[in-house]
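A short worksheet on the structure shown next.
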Amino acid sequence: MIDSSLLNVDKPARYMGGEVGIIRKESPEIRFVLAFPDVYEIGMSHLGFQILYTILNSHDWLAAERVYAPWPDREAQLEEGGRLLCSLESAAPLADADIIGFTLQHELSYTNIVNMLRLAAVPLLAAERHDPWPLVLGGGPCAYNPEPLADFFDAFLIGDGEEAAPEIAKLCRELKKSGASKSELLEQLAAIPGVYVPSFFSVDYLEGGRIERIVAHKDGYATVKRRFLSDLETAPYPTEPVIPFLKTVHDRVSMEIGRGCTRGCRFCQAGYIYRPLRERTPEKILETIEKTLRHTGYEEVSLLSLAAGDYGCLTPLLKELMTRYAESKVAVSFPSLRVGTLSDELVEEVKKVRKTGLTLAPEAGSERLRQVINKGITEEDLLKDASAAFRAGWRLIKLYFMIGLPTETMDDIAAIVALARRVKSEGRGCGGGEVNVSVSSFVPKAHTPFQWEEQISYEEILTKQEFLRSELKKQKLKFKWHDAPLSVVEGVFARGDRRLGAVLLEAVKLGCRFDSWGDHFSFSKWQQAFAATGIDPRTYLRSRDVAEILPWDHIDSGVSREFLLQERRKGVAGEFTQDCRQGVCSVCGVCDFAAVRNRPAGIDASITASSFKQAGPASFAPPDAEGTQRIRVKYSKTGAMIFLSHLELLTLFTRAVKRAGIPVKYSQGFHPHPKFSFATALSVGVESSAEYLDIEVAPGCAVDLLKASLNRSLPEGIAVLSAWVIPAKSPSLSTIMERVRYRVTVPDTLSENLELSAANFMALETSPFRRVKKNGPQEYDLRHELFSLTAAENSLTMEIGRGKPLEFVSAITGIAIKELEDCRIEKLEVIFKDSSFI
């Protein structure tokens, strides 16, 4: 059933489901809802979510479904209508699931977690969730200090989820069959490696808030050791992921080439909690990308790793990707590249399709401070990379820095300005270049050498940001920064304890949501929440004594405490720790040198260009064939697809054409686009059986094959009805359209005297109408634009020129357009001036 209320929210595609690649299962034994505590566009960009969705759904008895944090407009709809938060796949309330698994990516998403439970009518506190409430499970990087969320979660998974998540689901299945209680489930969950059950621990505090002791209440369960996936090469990977209708943050194929990092940057939590290094071979990467592009139709591949530039055979891998996909206009990008790894050869390959964004992260402005954080790069390295990029045609480089790092002085802050100026100067001999400086505030994180360090105060952040703003402006450098209040709240929860659960509850009551979004974050509400619970947030930003018990001391990340303390001492002394990829073990404690060990892909320059071309059916001509054939397509848009905007529809067809292997022609220029031409932009909420699209393809493209291939690639609700070849110089669809026939079905409560109202309107000579738009008012005569009108018991069928159907219905019935929002609108036919092209 179509949820008509979606017409009244921003971006209905966030909530409609039905995407290509979606997996629906009837009556599964276990329903595992993957919950992402942020908006759909961010959650759909998260690779870990897609990996778990694929792995869990590979079991017949198990259904993995998805839910994302509803935007405030949708939240208001749910509350006003007395409706519960439901999954996209089955539209089942979260409370009916067996497991709700939240991914914990960022501390500023914590209020969304509590709010999602509230909107699902699931008891917020774990102590209040007995049978038959679902198991609420958390995982992800923030689970390495789960204590601020301990009151809300039944259990956490510490570490990699590929193997552990199915084990948890299997145990739930077995105990569900036997009728076991929630307490019995938690007892047995604690036996699964990597699972932390917070109710099996209690915490005693000293006066002033420091921890006196962490007490384990289960024998043999004093610490919980992180779960490791030993071999990335053989792990399942989503080659048929769910393809969103709307544009997401990372709208591309995400290919994880490696997990873990050997560099040892002392501020970087990911560099410690994802150890050891595990890389996929080039052959596995190429095979996975090939399958994923075929199933998705994406036009970009992102090679993901904490340090993608360290991948041993990156350049030959990139050359092979370009050989295979440059002709298909598939670009390759990196989230960021480590300074010193951007060779001339590498940038030449990347720019062959289009120059994707380029971010370099020196982190600190001075050489001294880079030694403190063990960054292991020099100013010379950065300038060399910048020069290579500018020479290759890049005109914008983004530099990423942090302020507030341990031992930092104002000289180090001034060095950021000087270094950014030198980077910009590298572009002078290459036609000029711009540099954007992005600065965040350092937040100490658990399980890093800097976990004991002080986080600088709100006031100090503002002082340093103002200095940078002023000095960078003098150098004509653009400056972006992370708001100080957000960094303060993030820092509190990053190293927080269980007492913060009360603060979270209060913040949600006060309306805190989407705190990582600057325009939604309210520092005053957070200050109220801290004051109401009697907690001073500044006590969480202080430095910690090395003898002090830390809230996460019972969570074992694999890296020893002794190693972290050693790295802290070396940081203060400015001593460098060598990358253990170079063969010198740093004795961090993670590896057992059997199952758990570094698994680099090696350095392999033997990857050679192949004759492989990603292609569709053999009947299609290659896209580079000379000449152009123009095909006109008529298609329908029904069901849930009525909620798609015109831009989303364009994206849908772009990907469908790629998946179908149709040899579409591309525009020229910096960002090539497939040559599509739509007749008009159909309004959101309107059904249609008469939509038209022109596609330019290589000559000799079989029309019947194009129609069949497209229909196989399109989602339910979009169907190609017919397709035919038209002359290449045919007039555009928009110029030969004359009028459109619509049918509007009016709700029974508004349909009284419809036939009489229609007759009276047709008797008018004129009916002036004024529409206010952003670029000014538009005025036209509705009666003159109405060519025919037929009234039935509860519907109006009309042929109109200009205007929208509801504008006419409102004028005919005298009912305000706002009250007609529940009308069903169907576009039945387009009448063209010249039918020879149709």
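The values are calculated or read from the model by the stated rules, or taken from the named source; none is laboratory data. None of these values were measured; they are calculated from a predicted model. Here the Cβ is made from the backbone with ideal geometry for all residues, glycine too, and neighbour counts use every protein chain on show. Note: accessible area is taken over every heavy atom of the protein model, side chains too, but ligands, DNA and RNA are not part of it. Shrake-Rupley method; radii C 1.70, N 1.55, O 1.52, S 1.80 Å.
Brief remarks on what is shown
- Chain lengthening between SER4 and LEU396 when straightened (0.36 nm per residue, less Cα-Cα): 136.7 nm
- Zone residues, the range 150-172, relative to ASP60, backbone N less than 20 Å from point 7 Å out along Cα-to-Cβ: 166-167, 169-172
- Placing pseudo-labels 7 Å out from each Cα toward the beta carbon at LYS774 and ARG581 gives an inter-label distance of 4.4 nm.
- Per-pair calculated FRET efficiency, R0 = 56 Å: SER734 and ALA216 via Cβ, rounded to 0.05: 0.20
- Violating pairs (Cα-Cα greater than 23 angstrom) within the set LYS11/LYS291; LYS675/LYS804; LYS25/LYS284; LYS247/LYS827; LYS384/LYS464; LYS774/LYS818: LYS11/LYS291; LYS675/LYS804; LYS25/LYS284; LYS247/LYS827; LYS384/LYS464
- Å² of accessible area per residue within the range 232-326, as computed with a 1.4 Å probe and no ligands counted: 27 Å²
- In a reduced charge model with +1 at each Lys and Arg Cβ and -1 at each Asp and Glu Cβ, the range 450-547 shows a dipole moment near 340 debye about its Cα centre.
- Sequence of ILE838, ILE413 from largest to smallest accessible area, 1.4 Å probe: ILE838, ILE413
- Label-to-label distance, ARG542 versus ALA418, with points set 7 angstrom from Cα along the beta-carbon direction: 3.6 nm.
- Antiparallel bridge percentage (DSSP; both residues within the range 1-145; nearest 5): 5 percent
- A dipole drawn for the chain from +1 and -1 charges on Cβ atoms has a positive end, and of ALA386, THR797, ALA155 the residue lying farthest that way is ALA386.
- Local net charge near PRO244, Cβ-Cβ under 12 Å (Lys/Arg +1, Asp/Glu -1): +2
- Value of [θ]222 nm, deg cm²/dmol, for the chain, DSSP H segments ≥ 4, -39500 (n - 2.57) each, nearest 500: -8500 deg cm²/dmol
- When its C-alpha radius of gyration is set against 2.2 N^0.38 Å (N residues), the range 65-126 gives a value of 1.07.
- Under the convention that each Lys and Arg Cβ holds +1 and each Asp and Glu Cβ holds -1, the size of the dipole of the chain around its Cα centre is about 2180 debye.
- For the set ASP704, ASP592, solvent exposure ranked by accessible area (probe 1.4 Å, protein chains only) runs largest to smallest as ASP704, ASP592.
- Helix 646-660 vs. the chain, principal-axis angle (Cα, 0 to 90°, nearest 10): 80 degrees
- At R0 = 45 Å, FRET efficiency that the Cβ-Cβ distance of ARG802 and LEU510 yields, to 0.05: 0.40
- Rule-of-thumb Rg ratio for the range 1-124 [Cα; 2.2 N^0.38 Å; N residues]: 1.00
- Which of SER470, HIS646, LEU486, positive extreme of dipole for the chain (C-beta unit charges): SER470
- Accessible surface comparison of CYS268, CYS172, CYS585, probe 1.4 Å, protein chains only, largest first: the order is CYS585, CYS268, CYS172.
- The slack in the chain from LYS225 to GLU290, taken as 0.36 nm per residue of separation less the alpha-carbon distance, amounts to 19.8 nm.
- Placing a label point 7 Å from the Cα of ALA573 along the Cα-to-Cβ direction, the residues of the range 544-563 whose backbone N falls under 15 Å of that point are 563.
- When the P(r) of the chain is calculated, the portion above 45 Å amounts to 34% of the C-alpha pairs.
- Difference of contour (0.36 nm per residue) and Cα-Cα distance, SER677 to LYS480: 67.2 nm
- Size of electric dipole in the range 1-126: Cβ of Lys, Arg +1 and of Asp, Glu -1, about Cα centre, debye, nearest 20: 40 debye
- Accessible surface of the chain [probe 1.4 Å, protein heavy atoms]: carbon and sulfur percent: 51 percent
- Farthest toward the positive end of the dipole of the range 261-353, out of GLY297, LEU321, TYR311, is the Cα of TYR311, where the dipole comes from beta carbon charges about the Cα centre.
- Beta bridges by DSSP in the chain, antiparallel share as percent, to the nearest 5: 55 percent
- Of the peptides 792-801, 465-474, the order by per-residue mean of other Cβ atoms within 10 Å, starting with the highest, comes out as 792-801, 465-474.
- Among the protein heavy atoms, those of ASP694 account for about 10 Å² of accessible surface (1.4 Å probe, every chain in place).
- Look at where the Cα atoms of the range 815-838 and of the range 115-129 average out, and the two centres are 45 Å apart.
- On the beta carbon distance between THR378 and ALA191, with R0 = 35 Å, the FRET formula returns roughly 0.10.
- Cα-Cα P(r), the range 519-573, percent of pairs per 10 Å interval: 17, 33, 25, 24, 1
- Sorted peptide list for 222-231, 725-734, criterion being average Cβ within 10 angstrom, highest first: 222-231, 725-734
- The range 182-236 shape via C-alpha gyration tensor axes, a/c threshold 1.5: oblate
- Summed residue charge, Cβ within 11 Å of PRO727's Cβ, Lys/Arg positive, Asp/Glu negative: +3
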